[in-house]
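Report on one structure; see the data block that follows.
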Amino acid sequence: MATLVRYNNLPTFFNPFYSRPVINRYQNTTPNVPAVNVKETETAFLLELAAPGLKKEDLKINVENNKLTIGYQSEAKTEETADKFTRHEFSLNSFERAFKLPKTVNADAIKAAYTDGILTVELPKVEVKEEKLVKEIVVA
């Protein structure tokens, strides 16, 4: 008995829902990039990054050239020794997210806190005064 199989002949850039996750050929895992919620209030922007099980000492937050970068890197080593062999395994977990900051963010007053697996970054707003250049030009 024949089985009908439907194939998707359209390339994946036409429909992003048909794309396949990238799989590391050495480990059977997909890339690990945490989800981020962005909220705007009257006084600040709030970033909430879901990062459960991480150590806050390994989180790195930098601001350079109006770009906020949040990164994490952790290395784990295991060693097993038996009578005739020794096995060493290394695993490296890391991610990096970058955000372009608007001109209304005060980069000197950014605060971050890590509680219950959620990294919260507060980006306070500063009032940008737009100077309107009004100049009277005299006709000669």
| said: Let me check against my output: what whole-number percent is the relative contact order of region 30-124, with C-alpha pairs under 8 Å and at least 6 apart? | reply: 32
| query | Which of the residue pairs 60/132; 39/129; 39/67 have a Cα-Cα distance greater than 28 Å in the structure shown? | reply | 60/132
| request: Return P(r) of region 30-124 (all Cα-Cα pairs; 10 Å bins starting at 0; whole %; ordered from short to long distances). | output: 13, 41, 24, 11, 7, 3, 1
| request: Based on a Kirkwood Rh over C-alpha pairs, give the Stokes-Einstein translational diffusion coefficient of region 32-73 at 4 °C and viscosity 1.567 mPa s in µm²/s. | output: 109
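None of the figures in this text is laboratory data; all of them are computed from the coordinates on show. Predicted model only: the values in this text are computed from it and were never measured.
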